[in-house]
1. Tell me which chymotrypsin sites (Phe, Trp or Tyr not before Pro) from region 332-405 have a DSSP coil assignment and no more than 15 other beta carbons within 10 Å of their own.
2. Can you give the Rg and Dmax of region 110-166 based on its C-alpha atoms, in angstrom?
3. Restricting the count to DSSP beta bridges whose residues both fall in the chain, what percent are antiparallel, rounded to a multiple of 5?
4. Under 5 Å between amide hydrogens, which residues at least 5 positions from Asn153 or on another chain qualify, with H placed 1.01 Å from N in the peptide plane?
5. Apply the Debye scattering formula to region 332-458, with a single equal point scatterer on each alpha-carbon and no solvent, then give log10 I(q)/I(0) at q = 0.13, 0.22 Å⁻¹.
6. May I ask you to evaluate 6.51 cos²θ - 1.76 cosθ + 1.60, the Karplus curve with θ = phi - 60°, for each residue of region 152-158 and list the ³J(HN,Hα) values in order in whole Hz, giving x for glycine and proline?
7. Once you put a point 7 Å from the Cα of Asn71 and another 7 Å from the Cα of Ile278, both along the Cβ direction, what distance in nm separates them?
8. Which chymotrypsin sites (Phe, Trp or Tyr not before Pro) does region 205-274 hold that lie in a coil by DSSP with at most 15 other beta carbons within 10 Å?
Amino acid sequence: MKSKVQRLMISASGSNSGKTTVTSAVLKAFALKGKRPSAFKAGPDYIDPMFHSSIIKVPSRNLDVFMMGKNNCKYVLCKNSRNADISIIEGVMGYYDGIGQDTSCSSYELAETLDCPVVLVVNPVSMAVSVAAIIEGFKNFREKSNIRGVILNGTSEGMYEYYKEIIEVNTGVKVYGYMPTLKNCRLESRHLGLVTAEEVGNLESIIEELGNQAVKSIDLEGLYELAESAGMIEYDEPSVPYIGNSVGKTKIAVAWDKAFCFYYQDNLELFEEMGAEIVKFSPMNDQKLPAGIGGLYIGGGYPELYMEELSENKSMLADIKEKVLAGLPTFAECGGYMYLMDSFTCKEGKVYSLSGAIEGSSHMTKPLKRFGYVTLTSRVNNLMCGAGETINGHEFHYSDSTNNGESFSASKPESERSWNAVTADSTKFAGYPHINFMGNINFAENFMKKAIEFEKKQ
C-alpha cells in the first residue's frame with residue numbers, strides 16, 4: 001500500500017533539550033490555527049505520548065523500530081494519520097543515539113525509515129558561532145541526515161535574530177523560530193522521566209501558554225510546508241484476525257489509574273480489532289474486578305508511589321489473587337508484575353502486602369535495573385506463545401524482585417548479556433519487560449483465544 005502523510009520529526013542533539021516542550025507547543029499551536037495534528041513518539045516512551053494525547057484529544061502512538069519493525073512503524077503512522085492535516089513525531093534521546101555505539105533504532109533510523117524531514121531542537125545558550133558548528137555536524141554526520149530545520153529553545157526574542165543569522169549563513173539550515181523560557185511552563189521530572197500528564201494540575205493552562213507562544217514565535221506555515229514536502233510511504237498492512245466471541249465481545253479488564261497508566265495504544269487497539277471490549281478499572285479505588293471478564297491486563301506505571309492505597313484495598317487484592325489463580329488469562333508488565341507479587345518494600349524499609357498471585361517480593365533500587373531493549377525467547381509453552389518463539393521488548397525500572405521469572409531468556413541486542421525473565425504458564429504472562437504486540441501479533445491473538453475460552457466457562 002502507498003499513503004501520503006504530511007509529516008515531520010522534532011528531534012534534538014540530546015536528552016533534556018526541550019523536545020517534549022517544543023513538540024507540545026507546536027501541536028497546540030497547530031490546533032489553535034485550526035489544523036488537525038496527529039502525534040507520535042519515537043521509541044518506547046509512555047509518558048510523552050500522554051502529553052501529546054492531552055493536547056490533541058486523540059491517542060498518541062509509539063513508533064519503535066526495534067519493537068515493532070520498520071514496516072509496522074510505517075503502517076501505524078499511515079493508519080493514524082488518515083484524518084490528520086499534519087503528523088508530528090517526537091524523537092527520543094539525541095538524534096543519532098541508538099543501541100550501544102550504533103545508530104540502529106535511533107530517531108535517525110526512524111526518520112530514514114519514514115523518509116521524514118527533521119527539525120532539530122537546539123539550545124544555544126552560552127554559545128555564539130559554535131551553535132552553527134553543532135548543527136553543521138549533525139547535518140553532515142550521515143550522508144542523508146534528513147535534517148531540514150532548527151527550532152531554538154530557551155532563547156529570547158532579542159537573541160533570536162542573532163542566532164538565526166549565524167545558523168542560516170553558516171549551515172544553510174532554515175531556522176523555524178524559537179521558544180523562550182516560560183517560567184510557569186516547566187514540566188517536572190521524576191525517576192522514569194517526566195511526571196505524567198494527569199499529575200500536572202495546571203496542564204491545560206501550561207499547554208495554552210506554550211501554544212500561544214508558539215503561534216507568535218514559530219513559523220507554523222513553514223513547518224507545514226516542510227511536512228507537505230515529504231513523499232509517499234509504501235508499506236504492507238499486517239494481518240489482524242478477528243477472533244471475537246460469537247455471542248458478544250470478550251471483555252478484557254485493563255488496570256487504569258494513577259498507579260497503572262503505561263500502555264501502548266496499539267496493544268489495546270489490537271485487542272479491540274480482534275473482538276475484545278476494553279473495560280477499565282482502578283486497583284486503587286475499585287473493590288473488585290469488572291464482572292464477566294475473560295482476561296486481565298495490568299500495565300506498568302508508578303505503583304511504588306501509591307502503595308498505601310493499593311495495599312489497603314484488600315478486597316481488590318483478594319479478588320485478583322482468586323481469579324488469577326483460578327486461571328483468568330493475565331498479562332502483567334513491570335509495575336503490574338510487582339502488584340501481583342506477595343509484597344513490596346519501599347526505600348524506607350516499610351513492607352506492603354500485595355495480591356500474592358505470584359510468589360516473590362519487589363523493592364526499589366537506586367540504579368536502573370536491566371535498562372534497555374531486550375529480545376525475549378520463550379523456554380516454555382505459555383499463554384502468549386509456544387516454546388522457542390520470540391518478541392522484542394524493553395525494560396526501564398528502578399526496582400528489582402526476588403523472583404524475576406525463568407520462563408523466558410532475555411538477551412540484549414548487539415551484546416552477549418542475557419538473563420532469566422518472566423513468569424509464564426498456560427494462563428499468565430508476567431514480568432518486568434514491556435512488549436508491543438505489533439512486534440508479534442500472535443501474542444495478542446493467543447491471549448484473545450484464551451480469554452474467549454475462559455469467558456465461555458464462566
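Each reported figure results from applying straightforward, stated rules to the coordinates on display, with no laboratory input. Please read these numbers as outputs of a predicted model, since none were measured by experiment. A quick note on method: Cβ atoms are made from the backbone with ideal geometry, for glycine too, and the neighbour counts reach across all protein chains shown.
1. Answer by residue number: there is no such site.
2. Considering region 110-166 through its Cα atoms, Rg and Dmax are 12.4, 38 Å.
3. For the chain, the DSSP antiparallel bridge percentage is about 40.
4. Long-range HN contacts for Asn153: Val122, Asn123, Met179.
5. Taken in order of the listed q values, log10 I(q)/I(0) reads -0.54, -1.31.
6. Computed from phi, the couplings for region 152-158 are 8, 10, x, 10, 9, 4, x Hz.
7. 2.5 nm
8. Tyr242
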